[in-house]
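Have a look at the structure below before the remarks.
The values are calculated or read from the model by the stated rules, or taken from the named source; none is laboratory data. The structure presented is a predicted model; accordingly, all values stated were derived computationally and were not measured. Note that we place each Cβ from the backbone using ideal geometry, even for glycine, and neighbour counts take in every protein chain shown. Areas reflect the complete protein model, heavy atoms only, side chains present, ligands, DNA and RNA absent. Shrake-Rupley method; radii C 1.70, N 1.55, O 1.52, S 1.80 Å.
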Amino acid sequence: MRTRGIRFVAALLAGAASAGLQAQEIATPAVPARPAPSQATPARTEPAETVPLEEFEFTDRDGNPLPPERQRELREKHKHQLLEGVIRPKPREAAGAKVDEREIVVTGQRPRGSVIGDIPAERSFDPLDIRAFGANDIAGLLDTLGPQVASGRGRGDAGPVVLLNGKRVSSFAEIAKIPTEAIERMEVFPEELALKYGYRADQKVVNIIAFKRFSSRIGQLTYALPTEGGRDTLGLNANYLHISGDNRITVDADYGQSGSLRESERTFEQSPGPPGSSRFRTLLPEARRIALNGTVSGDWLSGVSSTLNGRFEAAKSDSLFGLGVDGPLQREVDTRAAHLGTALGGRAGKWLWSFTGNYDRTTLKTLTDTAGAHGPPDEARSMNSVAGANLLLSGALFNLPAGPITTSLNANGETRDFSSRSLRGGVRQSAALSRDTIGVRASVDLPIASRSRKVSTWLGDLSANVNLAFDELSDFGTLRTFGYGLYWSPIAGINFIASATDEEGAPTVEQLGSPLVVTPNVLTFDFTRREVVDITRIFGGSPDLRSDDRHVVKLGLNARPFSKTDLTLSVDYTRARIDDPIAPFPIATPEIEAAFPGRFERDSNGRLLRIDSSPLNFRRSDQEQLRLGINFTRPLGKAPPHMHGSRAIFASGKDLQGALPPGAVIIRPEAGSAKMKQFENEASRLTLSLYYTAHLVDEILVRDGGPVLDLLNGSATETRGGRPRHELEFQANVFKNGLGARVRVTWHSGSLLRGLSADPDGRAGDLTFSDHANVSLNIFANLAERFGGAEAPGWLKGTRASLSINNLLNRRPQVRDGSNLTPFSYQPAFLDPLGRLVSFTLRKVF
């Protein structure tokens, strides 16, 4: 029986994954013109029917429709042959059946900006999804996405690896200020993809694909003020971006200033010291900052993409920390940072290659008044310079039945110089450290089963990865990393990832050799004597730090259970054991003081005088956590008829074409055109995101034979108490008719700090940290869309006004002891000085 549409099978490049249809504008085209008689065409072997161009559908070998962009490219490329039926058909044999269905094999390319390999994206965002978040630039967008791009496997709070058009960038600063209007689509991938780009598998990967042609000039003004007063903040930004194919120019200037916030501007239950002294202590310093950033990118060399990025930033802060003999004690911190980066990329035979080079120089100067009379201020200076280069090669080694064996080879080199000097009480100290690093990293992917290649199809798609790295450090010797993992997709829409990593890491040169900084009059709660005292805290480097050894196991599931609904589910289990973990010095609980008595100084009466807060090595830490995520997107309300093909409704080209009137075709207007603006004005979105984290184990062995800190059951290393056992992060975004709103809620359960000394009355000494929730609200309006549309005044076009309220309910963490009292250093105004913060932003795209 003759089928209405004609299907094509596209033999994509190895590892190409089909993508769902994104929301497009639907239009009914005129009948396509037939080719001129003079055009050369292949000879026909049988009569062929003329079929409307829009009825041709290109799919991958699994029968899944190719992305709309690729559909359009293939239709345009083969337009005349398709309409005339002049491509030689390939009949499908069937015993005893009439051959009516025909299949034509067309070789195609992957969508522009695709990443290396075949690991599917956990989340995908089209321009309308991104528009609904109301974020101004890439940096703001990643901050808005929050847990969707966060990873619990890295060192510290490092953000995701960010790619532009499937390629590495010299640094995040190169693309951080690109406006969100320039983004065609965005994809979020699991940590395992980072291996293919020469990174460790401890950061998620975000791939941002920009429009091929885009230009904008943007001015932005932001003003923020706490509702309780103090510390108002002013921000100014100017940005220019021009994209034309592979050429890109970006210039960005940023200025910000914030006033100080003093203790006298907040309410405390009690206050030590003489009356009026709170006027000479700052909870937050006065700060000023200016930054300039510029990027030029293009094909200056034949077949080689080239990027050059430069950035300069200057910041200064002033704070007060009490009264001395000569008056208020002040600290001034002056920071200067310069960056120069480059990125090159191209193809050499079957290998893709990319090169990045960076140079960074940061200087820091700190002047601190002393408590003594007529003494010169203590001075600390440091200079840190880093120069590095990185070369990545990726390609296929040879083919197996299930696909090609692919590899990524990475070589890097870095030289780092760190110098510091300090002057305290007339005594000078200095340090000069350097580190040269040479490293190699290799990652190999082995395909085992493949649905598309019909190899062990009962297994679905199955592949294995092995990665190995060696880093030779001039001051620490050789550090090794070894990892392996499996990727398994038993059926379309369900993906499992299992991985294990054993990684050694050295302390930074800053942790080893930072200059000595002594801060007097630091209000500290002495857990042993249960009193608040002014002490002297010492900060600086620890030259005896050892390297750590991290053992991380991850099991992950990502699923899209309903093909016609944009709902994704994720489950991640992570277990990490770290030998000799490097950590900042914890809070001064009795068990910490017993383990490190040399870090504490008390007078003859036992009163705490001084703490050395330099970083240290614990003996071991063990952590386990389970993280569940749900993300849902759909149009808000009933979509207009021409919007009925939204990605949230239709999952295949057949479904979409079946909903269209006869003769309709999918087209995509140019970015910024009148048609695109009309389409965007009618677009709407509802996006919901919920992430729950359960911390199952969090323990630290302080030292051999020393105490074990169970951070889930009564121990703590930070001022805010132990590790909450439960955490929730919820976000809801709505956007319609130029108006948008975003609500973000974070919540964590309470914790308990046990084993503290009782107060003088003999009552219990435990501290209870209550659970805490923070609600933030952002409301924004695209003014031209709300006031006049196409007829709006010119000064309104491209203008967005935003109102943000952080900590909407003005709730602060609560800490109580056994007497239901709050120790002074744990009063809410110390734990959250700002409280409710209201900010207004006016942004204009010229």
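Of note:
- Split the accessible area of region 208-296 by element, probe 1.4 Å, and carbon with sulfur accounts for 56%.
- Whole-number Å³ per residue for the convex hull built on Cα positions in region 165-228: 152
- Chain lengthening between ASN399 and ARG347 when straightened (0.36 nm per residue, less Cα-Cα): 16.8 nm
- Range of Cα positions in region 423-525 per principal axis (Å), largest first: 77, 39, 17
- Per residue, in Å², the accessible surface of region 694-760 once ligands and nucleic acids are set aside, probe 1.4 Å: 47
- Couplings 3J(HN,Hα) for region 830-844, derived from phi with the Karplus relation 6.51 cos²θ - 1.76 cosθ + 1.60 (θ = phi - 60°), are 7, 6, 9, x, 6, x, 5, 10, 10, 9, 10, 10, 10, 10, 10 Hz, where x marks Gly and Pro.
- Cα-derived Rg to Rh of region 201-244, Kirkwood definition: 1.22
- With both labels modelled 7 Å from their Cα along Cα-to-Cβ, the ALA238 to MET383 distance reads 3.2 nm.
- Probe 1.4 Å, accessible area per residue of region 590-629, Å²: 46
- If you wrap region 280-396 in the convex hull of its Cα atoms and look at it from every side, the mean projected area works out to 10.2 nm².
- Rg to Rh quotient for region 562-611, alpha carbon positions, Kirkwood Rh: 1.45
- Kirkwood Rh in Å, taken over all unlike Cα pairs in region 349-449: 17.8
- Accessible-area value, HIS695, 1.4 Å probe, nucleic acids and ligands omitted, Å²: 20
- Residues of region 439-528: accessible area per residue with a 1.4 Å probe, Å²: 43
- Cα gyration tensor of region 536-592 - equivalent ellipsoid semi-axes, whole Å, descending: 42, 16, 11
- Pairs of alpha carbons in region 700-746 whose separation is greater than 16 Å (percent): 62
- Fully extending the segment from ILE438 to ALA314 would add 41.5 nm, taking 0.36 nm per residue of separation and subtracting the current Cα-Cα distance.
- Rounded to two decimals, the Cα radius of gyration of region 763-826 over 2.2 N^0.38 Å is 2.14.
- Reciprocal mean inverse distance between Cα atoms of region 458-603 - Kirkwood radius, Å: 19.9
- Remark: the PHE211-ILE779 segment gains 201.8 nm on full extension, using 0.36 nm per residue and subtracting the alpha carbon distance.
- Overall shape of region 349-397 was characterised from the C-alpha gyration tensor. The equivalent ellipsoid obtained from it has semi-axes of 51, 8, 5 Å, in decreasing order.
- Cα-Cα over 20 Å, subset of LYS316/LYS365; LYS177/LYS365; LYS177/LYS212; LYS167/LYS212: LYS177/LYS365
- Region 707-846: relative contact order in percent, alpha carbon pairs under 8 Å with at least 6 residues between: 19
- Remark on region 424-480: hydrodynamic radius 15.8 angstrom, per the Kirkwood mean of 1/r across alpha carbon pairs.
- For the listed peptides 300-310, 497-507, a ranking on the average number of other beta carbons within 10 Å per residue, highest first, reads 497-507, 300-310.
- When the Cα atoms of region 168-284 are aligned to their principal axes, the ranges along those axes come out at 65, 37, 21 Å in descending order.
- Portion, in percent, of the accessible area of region 515-574 that falls on carbon or sulfur, probe 1.4 Å: 59
- Carbon/sulfur fraction of accessible area - region 347-404, other protein chains in place, 1.4 Å, %: 64
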